[in-house]
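Each value in this text was obtained by applying a stated rule to the coordinates, not by laboratory testing. Since the model is a prediction, treat every value here as computed from it, not as a measurement. Neighbour counts run over all protein chains shown; Cβ positions are idealised from the backbone, glycine included.
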Amino acid sequence: MKFRIPFEIAVRYARSRKDTGYLSFISKVSLVGMSLGVIVLTVIVSVMNGFDTELKHRILGAVPHVVLVDQGAHLDRDVLMSNPDVAYVARFQQRQGMVVGRNASKLITIYGVDAVSEPSVSVISSHMVDGEMTVLTPGSNAVVIGQTLGYQLGLRVGDELAIVLPKPNASGHSVKPVLAKVTVEGFFELESELDYSLILISLEDLQGISGDNRAGFRIKLHDIFAADSYVLAILEQYGQQVETSSWTEQYGDFFETVKMEKVMMFVLLSFVVMIAAFNIVSGLSMMVKDKASDIAILTTLGLPSNSLMLVFVIQGAVIGLIGIILGLAVGLPMAYFVPEIVNFIEQIVGGRMLAGTYFSEVPSDVRYGDIAVVVVVSIVIALSATLYPAYTASRLDPAEVLRRE
């Protein structure tokens with residue numbers, strides 16, 4: 001009952017058009033501004049999510065989640081697989097080195113892999129553009145490299161490639177280079193920085209080149225963000241008998257930066273909604289002035305100040321809610337079809353928006369949790385914008401207003 005009267009008054013004011021053309025214009029501007037703010041937030045947040053998802057797939061889908069190197073713990077693959085956090089375990093070795101091709105030399109990372117197990121722990125086998133992962137058999141000295149790296153080195157399938165690895169002596173006090181000749185038998189393309197710096201070779205061949213026959217395992221986890229806790233559990237169990245590393249050591253800061261950029265973009269673009277909220281403040285403030293005599297009469301008739309405030313809160317909330325609904329109605333389809341929209345624009349202007357980057361098109365990932373945050377933030381901003389005009393209306397002196405009338 002207490003809510004029904006303010007609601008009916010608010011609806012009546014909203015329907016009234018007599019001598020309120022300018023107020024109606026401000027309300028429409030507020031509504032459009034709120035809609036545009038929600039559209040921009042929805043699309044930009046979805047695009048940022050798209051870049052985040054693509055980078056995680058292309059990088060974290062290829063690099064090991066966790067690497068364990070046996071230092072005397074006698075690691076057993078079946079025991080490692082029995083952990084419920086582990087999705088798959090494959091034999092593995094990783095080395096840093098240099099390759100020398102026809103046109104240049106490059107610092108690279110070399111993965112010694114089991115070709116049979118590789119598809120279970122990495123997405124690289126599904127991104128082959130020339131050749132197959134199955135060529136990485138022991139004793140073949142075959143390698144698979146990133147297509148971009150192949151371009152830079154001037155290599156084609158069947159070409160020979162020189163690999164230089166640092167090899168410490170028995171005492172560990174000095175290092176000498178080891179040179180090995182391998183044959184390029186395939187190219188992959190992840191459309192990430194790994195295309196520039198990664199080489200895959202048979203585990204046995206890499207062990208033969210490096211002279212390191214220690215057992216190493218690549219761990220694929222169900223939850224990549226559980227890597228650090230998994231490493232801690234391994235260290236608690238085996239101590240210094242296992243050498244550990246995880247993806248967070250190399251790429252953790254990078255993905256934290258991506259996450260921070262998303263948060264900062266959200267905060268900055270929220271100002272678009274705040275600008276629309278200023279229009280709500282100005283529109284309601286003018287309405288309070290225009291309806292001063294009505295407010296005085298309602299107060300004289302006994303309408304409580306909190307109910308009077310509620311009248312204008314409802315007015316602003318309705319504008320904000322309609323704007324949010326319109327914004328979602330336009331923003332969600334745009335977010336889903338961002339790649340197609342951008343491609344259409346590129347065809348018109350005759351250029352590529354992402355030229356010179358790893359991406360061939362603008363990715364988008366609509367996450368309804370983030371959309372819910374957009375809606376909640378927009379509602380809070382819209383409701384906050386109503387408080388000052390509503391408070392002003394509740395503080396009007398009926399006697400002073402009616403005296404001026």
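Some notes on this structure:
- Failed item in (1) part of a loop (DSSP other than H, G, I, E, B); (2) under 22 Å from the mean Cα position of the chain (by Cα); (3) of a type outside the set (Lys, Arg), with Phe51 passing the rest: (1)
- Where Gly239 falls short, out of the listed (1) farther than 14 Å from Gly61 by Cβ; (2) in contact with a Gly (Cβ under 9 Å, 6 or more places away or on another chain): (2)
- Single residue of the range 244-274 satisfying the filter (surrounded by fewer than 16 Cβ atoms within 10 Å (Cβ to Cβ) and charged (D, E, K, R)) that is nearest to the chain's Cα centre (by Cα): Lys259
- Residue list for the range 116-154, restricted to those being among the small types (Gly, Ala, Ser) and over 17 Å from Lys220 (Cβ atoms): Gly131, Gly139, Ser140, Ala142, Gly146, Gly150, Gly154
- The range 86-109, subset under 26 Å from Ser229 (Cα atoms) and of a type in the set (A, V, I, L, M), residue surrounded by the fewest Cβ atoms within 10 Å (Cβ to Cβ): Ala87
- Of all the numbered requirements in (1) small (Gly, Ala, Ser); (2) buried (at least 16 other Cβ atoms within 10 Å of the Cβ); (3) more than 30 Å from Val45 (Cα to Cα), Ala277 misses one, and that requirement is (3).
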